[in-house]
Each structure stands twice: as C-alpha cells, then as structure tokens.
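Written below as structure tokens is the structure these notes are about.
Every number here is computed from the coordinates shown, using simple stated rules; none is lab data. Nothing here was measured: the structure is a model prediction, and the numbers come from that model. Positions of Cβ are generated from backbone atoms using ideal geometry, with glycine treated the same way; all protein chains shown enter the neighbour counts.
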Amino acid sequence: DQSNLAYSVGITLDRFIKLKQSDFPFASGELSQLLRDIALAAKIVNRETNRAGLANIGGAFGQTNVQGEEQQKLDVIANIRFMRALSKGGEVCAIVSEEEDAVIDLKNNSGKYVVAIDPLDGSSNIDVNISIGTIFSIYRRKTPVGSPITEADIMQPGNQQVAAGYVLYGSSTMLVYTTGCGINGFTYENSLGEFFLSHPDMKAPEDGKIYSINEGLEQEWEPAIAAYVRQCKAEKLQSRYIGSLVADFHRNLLKGGIYLYPATQKNPSGKLRLLYEANALALLIEQAGGTATDGHRRILDIQPESLHQRTPLIIGSRNMVEQVKGLIQSTP
Ligand code: AHG
Ligand code: MN
Ligand code: MN
Ligand code: MN
C-alpha cells in the first residue's frame, strides 16, 4: 500500500527537494529553503488542526476579512503560522494572503520571492471535522533584488509561478507541489514528523466520472453550466462536493473528475480567488496533464488587476473541462 511504499522507498520531502535542486545546476537553494519553510509551517498547522476540537480554537474569531467572510479562529492561527515561517526564512520579500487586506511588504529587499497564500482553505468545515487545506503560489520578483517591491512583483499572472502546491489536512495530511516539472505528493507520518514521497509524478486522468459543484446555486448559473450538469446526470456521473476546494481538487485529481465554481448572479466572477486559490491549482493540474479555465481563458494567463480578485474556475480532467468550454463558447 501507499504508506508502506513510502517507507520502503524512504524519500522524505527534504531529501526530494534536495534531489530536485540538482536538476537546476545554478540554483542557489533559496527556493528549496522556502519550500522547507512552508512544509514546517504546514506541520504546525496540522498539529493545531488535529487538536482544534479540544483546545478551544474552533469556531469564529469574531472578525471579518477583507472579503466580508467571517474569520474562523483557525483561519487566523494558520495565517499567523505561515506569515511567521515566510517572514523569518529570509527568502521572501512580499506576501499576499486571503486574511490580509493589503500586500505584506516584509521590507526584506534581498528576498527573491513573492508568495500568495490561502492559509486555511475550507474554513466552514473546521468545526465539523472535515478535510481542510492550505494553498500556496511562489513567484520570483520582477524588480531587481535589493530594490523596494512594486506592483509588478505582486500582480503576476499564474504562468509566472516558479512553484505552487497545497497541503491537505485530511484522513492523512498530504503536501502536493510542483516546481514546473511534474507534480509530486507526500504523506505526513505523524510519529516521525516527516513527509514521505507517496505519490510520485501524479497524473490527472484524461476523463473522469466525478463532477463537483455547489448545486444549491443552480438557479444562478449561466445556461451552459446548467446544461453541462444535466449532461452529467444523464450520464449518471457521481456528484461529490465537500466544500473545501483543496479536498475536492485532490479527490478529482486522483480519481478523475471536474470541479466547477462558476459565475453566479450574486458573484459574477465566481467565488474563488485568482491569486491564492485558482492559480496554484491551475499550475498543478496542467503539470498533471489536466486543464483549468474560467470558461473563456486559461486561468494561468489571466492578468490580475486586484489582490483579492475572484475568478470562475473550471478545473480537472482535460476532456471534461474541454466539454464545458465547448458548451460555454457555443451558448449565446
Ligand atoms: P476559504 O475557506 O479559504 O474562504 O475558501 C472557501 C472556498 C473553498 O474552499 C470552497 O470550495 C468554496 O469556498 C465553497 O463555497 P460554497 O460554500 O459557496 O460552495
Ligand atoms: Mn475565507
Ligand atoms: Mn480557500
Ligand atoms: Mn482560506
């Protein structure tokens, strides 16, 4: 089984990152260090997540974030943990976070990297003990190292990501990431405190049997989305929707499927955020052979205009996503 395989192969995340670094002969090791910093913060958040029910860190924090969402205590805790890891490490000059209104300028002009992060994804599922996640994107700054950061460093399209990944705090905790040469998944072994390579070179099946969408919003969809979902039902596909993007994405990546969070009447740009939700998953799915679109454009080619910008997201197995694109583009 997967975990025995992980032990017998015995490749820890640290070792894997080091092995990969030698693929880039002139790499200075800073990106590797940054990935290790993120993994460490993920371990800490994993620990907090596991004890959330006992330690009185469940429930609402009592404030709303810039999106008007009610912050959960764990949203705030995860944000603090990742902020700390990213700012202490020294590789990062600026951070965009779901839980921070503005860009966090670390005033670390020697930092080469910009990180966009959803510290805790699926926060409505915390209190009911269902899988949650973390999503991250890493960019190289555009302005020269040593100078102050500018808008050009922050507002980069997803096709400029140098690495991206997610952590899934699920029945097992996993970290899945890419540096642009395929995607690899690591499973956390609690007693050893290590992530082990368990899912090398993951591939998204070209087709799938699962569709994932919040069907309660059906009356607000555009006709093409409704037509696609009717078709899924006619073909008796499986409907699966957790309400944690990371968990829904991960399942569909492994099994084959499509995830849709389309535009709705209330949210004409959908709900999910381009910079710290859609872009990372779009890079991962493309690296695994799948597709990510807003219905008209490749997610990775969208030029961001604001920090917390939303985008419709249709992502997953290539043939399924192509079918939806076809319907959208042929429906007046
Ligand atoms: P977050 O918890 O980071 O704010 O993200 C919530 C997102 C995502 O995780 C999930 O897939 C989606 O919201 C669910 O939205 P609906 O409840 O509208 O289906
Ligand atoms: Mn939120
Ligand atoms: Mn989220
Ligand atoms: Mn979040």
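Quick look at the numbers
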| read-out | value |
| --- | --- |
| Top-ranked residue of region 255-275 - restricted to ones that are more than 14 Å from ligand 3 (Cβ to nearest atom) and surrounded by 17 or more Cβ atoms within 10 Å (Cβ to Cβ), ranked as farthest from residue 313 (Cα to Cα) | 256 |
| Residue in region 215-234 that is under 23 Å from the mean Cα position of the chain (by Cα) and under 22 Å from residue 169 (Cα atoms) present | no |
| Residue that is farthest from residue 120 (Cα to Cα), among those in region 220-246 that are surrounded by 24 or more Cβ atoms within 10 Å (Cβ to Cβ) and out of contact with any helix residue (DSSP H, G or I) (no Cβ under 7 Å at 6 or more places or on another chain) | 225 |
| Criterion violated by residue 99 - all others in (1) part of a strand (DSSP E or B); (2) crowded, with 22+ Cβ neighbours inside 10 Å; (3) without any contact (Cβ under 8 Å) to a residue 40 or more places away in the chain satisfied | (1) |
| Lone unmet requirement of (1) in contact (Cβ under 8 Å) with a residue 40 or more places away in the chain; (2) part of a helix (DSSP H, G or I) for residue 120 | (2) |
| Residues of region 58-111 satisfying the condition of being in contact with a helix residue (DSSP H, G or I) (Cβ under 6 Å, 6 or more places away or on another chain), among the β-branched types (Val, Ile, Thr) and within 16 Å of ligand 1 (Cβ to nearest atom) | 77, 95, 96 |
| Qualifying position, being more than 14 Å from residue 157 (Cβ to Cβ) and within 16 Å of ligand 2 (Cβ to nearest atom), among 235, 277 | 277 |
| Conditions (1) among the polar types (S, T, N, Q); (2) crowded, with 17+ Cβ neighbours inside 10 Å; (3) in contact (Cβ under 8 Å) with a residue 40 or more places away in the chain; (4) within 16 Å of ligand 2 (Cβ to nearest atom): number failed by residue 65 | (3) |
| In region 72-103, the residues that are among the charged types (D, E, K, R) and under 20 Å from residue 272 (Cβ atoms) | 75, 98, 99, 100, 101 |
| Considering residues of region 227-266 that are in a loop (DSSP other than H, G, I, E, B) and within 16 Å of ligand 4 (Cβ to nearest atom) only, the residue nearest to residue 134 (Cα to Cα) | 244 |
| Which listed residue is within 16 Å of ligand 1 (Cβ to nearest atom), of a type in the set (Gly, Ala, Ser) and surrounded by fewer than 24 Cβ atoms within 10 Å (Cβ to Cβ), from 124, 137 | 124 |
| Residue in region 123-145 that is farthest from residue 37 (Cα to Cα), counting only those that are near ligand 4 (Cβ under 9 Å from one of its atoms) and not in a helix (DSSP H, G or I) | 132 |
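Residue-by-condition table, conditions (1) within 26 Å of residue 163 (Cα to Cα); (2) away from ligand 3 (no atom under 14 Å from the Cβ):
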position: 43; (1), (2): yes, yes
position: 46; (1), (2): yes, yes
position: 64; (1), (2): no, yes
position: 92; (1), (2): yes, yes
position: 123; (1), (2): yes, no
position: 126; (1), (2): no, no
position: 132; (1), (2): yes, no
